[in-house]
Amino acid sequence: MTLKTTRIRVIEIAYQQFLEHGYKQTTTKQVAELAGVNESTLFRLFETKENLFHDAIAHYTSDLLQIGMESLTYGPSVEENFFVMLKRLLELFCETVPAFRLLIKTSLVDKRFLEQVRFKFESLKHLFKQYLDGMQRRGLIEKTDFAALTDYVLGGLFYEAFRVKMAQEDGETLPEELLDASCRRYAAFLTERLICAAPAAEEGG
Amino acid sequence: MAANTKEKIEAQALLLFSRQGLHETSIQEIAQSAGVSEATIFRLYSTKQALYRETVLHHSALDGIDLMPLRLSLTMEDLRLDLMTIARTYFKLYFARIHPLRIFVSGLVQVRDLREFGYLLMPPLVRFLEDYLTEMEARRLVRIPDPELAKELFHALIFKDVTFLTTFEKHEEWSEALDQWFETEYPARIDLFAGLILTDCGND
């Protein structure tokens with residue numbers, strides 16, 4: 001087992017413990033035991049419980065920056081483009097809900113750290129707006145206030161992610177189709193409202 | 001008087017649970033903040049869980065919300081102006097209940113049966129917007145291609161903003177600073193909402 005996978009395993013266990021029992025009541029000894037490592041290994045990887053806490057949050061928001069340029073697809077079907085992009089975003093938001101659970105505990109989180117996470121969300125917004133710009137420059141959609149539109153779309157997905165996570169915690173297993181449904185709806189809406197009326201552009205989807 | 005004491009205890013408990021979480025808050029801390037003895041708390045609530053449950057229940061009640069003043073302040077003609085008024089009021093109402101919201105967002109897994117009282121979006125506000133849009137549609141001032149989506153987007157953005165403001169900037173109440181933030185950020189958004197998500201019948 002590599003150090004990297006050990007690190008992730010410890011983080012995942014730590015996150016569970018922090019959520020179920022709270023920060024104070026979670027001990028590095030417990031986490032180490034449950035993760036199947038020596039406490040000394042844990043300290044080597046994280047140094048302090050506080051670092052472990054912050055690293056756990058970082059872990060659940062790390063993917064936010066990984067949705068890179070390769071996710072921006074500009075295929076012939078506008079609606080399909082949107083659907084793929086939105087689905088990826090929804091998955092990302094679902095992954096960050098755990099981080100929010102910990103972040104909102106104001107008194108525990110370092111201010112600098114909050115800034116870092118907030119920055120990641122801002123980057124995501126910027127990315128989606130760039131995507132819309134790209135669609136427009138390729139003549140696939142009309143121009144509008146992409147910044148404001150991005151706000152609404154990401155707001156919708158953020159809320160949806162919370163709904164999904166809460167339903168899952170209630171023991172509901174949400175079929176893939178249901179998760180796709182929101183993304184389909186948003187994609188259809190964006191396509192219908194934005195598609196170029198210009199005769200030169202191809203009707204997508 | 002037991003009622004008054006309970007209110008005092010729950011008011012403090014609400015703040016501590018909201019800022020620190022259930023597990024991180026001790027009865028001792030709550031007792032100290034409320035100016036009562038631990039024994040008093042245990043006499044009135046028997047367990048921390050019970051105190052948590054009652055605190056959340058009492059403070060997330062929605063029956064106190066009166067939307068009549070809002071209704072009376074709307075023009076029912078100027079869509080954008082009305083939407084700004086509605087959005088601003090909604091922000092204030094969410095911030096008035098920021099602590100239950102923070103508690104729900106941070107995960108109510110500890111006390112499952114409170115879920116039915118939980119809300120991310122406040123139902124009366126959702127209904128109010130629905131009624132407003134229906135009325136404006138009847139007056140032919142707006143067309144709504146997808147009413148469900150429109151409602152959801154309007155609210156979800158407010159929910160997301162409130163969550164971000166309280167998480168990243170630690171806001172716990174509406175203030176002049178937030179008012180200024182709102183006046184800067186929202187006009188463009190409401191403009192887009194009215195023009196793209198709804199269709200204001202200006203260009204029919």
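Please treat every number below as a calculation from the coordinates, not as lab data. Please read all numbers here as calculations on a predicted model, not as lab measurements. Counting neighbours? That spans all protein chains shown, and the Cβs are built from the backbone with ideal geometry, glycine included.
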With -39,500 (n - 2.57) per DSSP H segment of 4 or more residues and division by the full residue count of the protein assembly as shown, the 222 nm estimate, nearest 500 deg cm²/dmol, is -22500 deg cm²/dmol
Share (percent) of C-alpha pair distances in region A:87-205 greater than 24 Å works out to 39
Over the alpha carbons of chain B, what is the largest minus smallest coordinate on each principal axis, giving the biggest first in Å? 69, 30, 29
Which value, in debye to the nearest 20, describes the size of the charge dipole of the protein assembly as shown about its Cα centre when Lys and Arg Cβ atoms bear +1, Asp and Glu Cβ atoms bear -1, and nothing else is charged? 1160
For q = 0.11, 0.17 Å⁻¹, what log10 I(q)/I(0) does region A:1-99 give under the Debye formula with an equal point scatterer on each alpha carbon and no solvent? -0.44, -0.76
Could you point to the residue in B:GLN20, B:VAL56, A:ILE195 farthest towards the positive end of the protein assembly as shown's charge dipole, with +1 and -1 charges on the Cβ of Lys/Arg and Asp/Glu respectively? B:GLN20
So if we plug the beta-carbon distance of A:ARG9 and B:THR85 into 1/(1 + (r/R0)^6) with R0 = 45 Å, what FRET efficiency do we get, rounded to 0.05? 0.30
With +1 on the Cβ of every Lys and Arg and -1 on the Cβ of every Asp and Glu, and nothing else charged, how large is the dipole of region B:6-98 about its Cα centre, in debye rounded to the nearest 20? 140
If you split all Cα-Cα distances of the protein assembly as shown into 10 Å bins from zero, what percentages do you get per bin, shortest first? 4, 20, 28, 25, 15, 6, 2, 0
If you consider only alpha-carbon coordinates, what radius of gyration and Dmax does region B:16-72 have, in Å? 15.2, 49
Volume in Å³ per residue [convex hull over Cα atoms, computed for chain A]: 136
Using only atoms on other chains, find how many Cβ atoms lie within 10 Å of each Cβ of peptide B:158-166 and report the average. 4
Arrange the following residues from fewest to most other Cβ atoms within 10 Å of their Cβ: A:ARG184, B:ARG127. B:ARG127, A:ARG184
Among A:151-160, B:44-53, B:20-29, A:109-118, what's the highest-first ranking by average C-beta atoms within 10 angstrom per residue? A:151-160, B:20-29, B:44-53, A:109-118
Count, for each residue of A:149-161, the Cβ atoms from other chains sitting within 10 Å of its Cβ, then give me the mean as a whole number. 6
Only Lys, Arg (+1) and Asp, Glu (-1) charged, at Cβ; region B:133-204 dipole about Cα centre in debye: 280
